[in-house]
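The values are calculated or read from the model by the stated rules, or taken from the named source; none is laboratory data. A quick note: this is a predicted structure, and the numbers were derived from the prediction, not measured. FYI the Cβ positions are ideal-geometry reconstructions off the backbone, even for glycines, and counts take in every protein chain you see.
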Amino acid sequence: MTPRENGFEEEPVIRDNRKIDPETGRAREGAGEQAAEAGAGRQEGTAATEAAASDLLAERTADLQRLQAEYSNYRKRVERDRITVREQAVASVLGELLPVLDDIGRARDHGELTGGFAKVSESLESAVAKLGLSTYGTKGDPFDPTVHEALLHSYSAEVTEPTCVEILQPGYRIGDRILRPARVAVAEPDESAAAEEASAQAGGATGSDGPHASGEPDES
């Protein structure tokens, strides 16, 4: 007897998974359901893959936008620092030239700015003006402690607020930055004089309203 006949070896099981019956040529029962299940499985796998790819793309896009914003802020900060350093360097140089400009101004006021010295001074003033240096301070300006330095102080009935009545030295600025405040003489309103003037005016008005104000004789 053979080993198979004695039961020592089982016969192999052969399963035919073909969707088409080779004998009839027709689709076997359940083949459509299997195909639908396989198609659904593939669609689910594709959808999951697309969702994962979309999430990854969104994450990478956010990273790129963040890097771009950081780089833009870095460029702005570097440009701002560069401008600040330049302004400080220019201000330092111009600050050393202010005494020279003061001397030129005094020479011009005394009529001593003539000849070649006049041309040199004009060239210097033109050069510092191109660098942004400008003067300020005019007689009659309201006193502002943020841009003026009061060297002299007085009272006057001719002003109604603290006023620069004399410019002792002009102020210098670069843009909104003050290099040196204008040195001025300041006059404040004289309240006592104003009170006396008001009293005198009131007294004059009272006198004009008296019984002899019209010039007619007193009947009494």
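A few points about this structure:
- Of residues in segment 141-176 being within 23 Å of D103 (Cβ to Cβ) and charged (D, E, K, R), the one surrounded by the most Cβ atoms within 10 Å (Cβ to Cβ): R173
- Reported count of residues in segment 123-142, each being over 18 Å from Y172 (Cβ atoms) and not small (G, A, S), is 1.
- Which listed residue is more than 21 Å from G175 (Cα to Cα), more than 22 Å from the chain's Cα centre (by Cα) and surrounded by 10 or more Cβ atoms within 10 Å (Cβ to Cβ), from V93, V100, V120: V120
- Listed by position, the strands (runs of 3 or more DSSP E) enclosed by segment 109-200 that each have at least 2 residues that are basic (K, R) are 177-180.
- Flag if P145 is without any contact (Cβ under 8 Å) to a residue 40 or more places away in the chain, in the same structural domain as Y172 (by TED's automatic domain parsing) and of a type outside the set (G, A, S): yes
- Taking the criterion of being under 19 Å from E161 (Cβ atoms) and not polar (S, T, N, Q), the residues of segment 115-145 that qualify are Y136, G137, K139, G140, D141, P142, F143, D144, P145.
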